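Input: a single structure, listed below in structure tokens.
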Amino acid sequence: MLGEKIQKLRKSKGLSQEQLGDKINVTRQTISNWELNETTPNIEQLKLLSLTLDISVDELIDNDIKNILVEKFEQTEIKTNKLFKTFVIISIIIILIFVIEIIAVTFYGLGYKKVKTDSTLYVTCELENQKYYFDVSYYNADLVTFQMGGSGYIFENVIDRKEYKGESVIKAVTDVNNYFVSKGGSCK
């Protein structure tokens with residue numbers, strides 16, 4: 001406790017309570033009260049005590065700065081290790097994703113070229129002695145449209161390219177055919 005420490009240090013310096021009191025501008029009774037742990041010195045008095053007794057304030061009040069620094073260092077080291085481990089794990093995951101993507105693109109890409117070839121279906125429609133052309137490009141493997149072309153009339157009245165992109169080529173051709181048939185025309 002603080003009182004015992006003050007008393008021990010005072011005696012090691014060969015000072016009486018009165019002599020110590022004179023050096024730090026307090027009474028002998030104040031020193032006695034501190035040593036009996038009845039009262040404690042204020043901050044200014046602690047500073048004067050530490051100077052007079054040749055001890056740091058931290059050591060005087062058992063605030064062992066070395067232990068605090070060691071503890072702070074250990075906590076920082078633990079946090080740094082956790083951050084490093086997290087960084088390494090995230091880096092490994094990113095690299096694995098990248099490698100898997102390269103493998104997938106390589107194998108899927110090769111398979112894609114073998115299985116999916118694109119074709120274009122050409123449709124000619126006639127309405128009131130006018131001819132209209134419509135073409136749909138699609139992948140043979142799944143019959144999904146990826147491009148359409150043809151007469152402006154068809155895109156103004158029948159097909160919205162945005163709606164049909166990615167749809168079945170059969171749906172697009174059927175819708176065009178149905179439109180022309182419903183108006184008294186035909187498609188081939």
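Rolling a 1.4 Å probe over the protein heavy atoms gives segment 148-188 an accessible area of 61 Å² per residue. Full extension of the chain between residue 29 and residue 90 gives 15.4 nm of extra length, using 0.36 nm per residue less the Cα-Cα distance. Residue 92 contributes about 90 Å² of solvent-accessible surface, heavy atoms of the protein only, 1.4 Å probe. The packing ranking, built from the mean of other Cβ atoms within 10 Å per residue, places the peptides 127-138, 73-84 in the order 127-138, 73-84, highest first.
Solvent-accessible surface (1.4 Å probe) assigned to residue 86 amounts to roughly 70 Å². When 148, 1 are compared by accessible surface with a 1.4 Å probe, the order from highest to lowest is 1, 148.
The values are calculated or read from the model by the stated rules, or taken from the named source; none is laboratory data. Worth saying up front: this structure is predicted, and the values here are computed from it rather than measured. In this analysis, Cβ positions are derived from the backbone assuming ideal geometry, glycine residues included, and neighbour counts consider all displayed protein chains. Remember, those area values only see protein heavy atoms, side chains included, never the ligands or the DNA or RNA. Shrake-Rupley method; radii C 1.70, N 1.55, O 1.52, S 1.80 Å.
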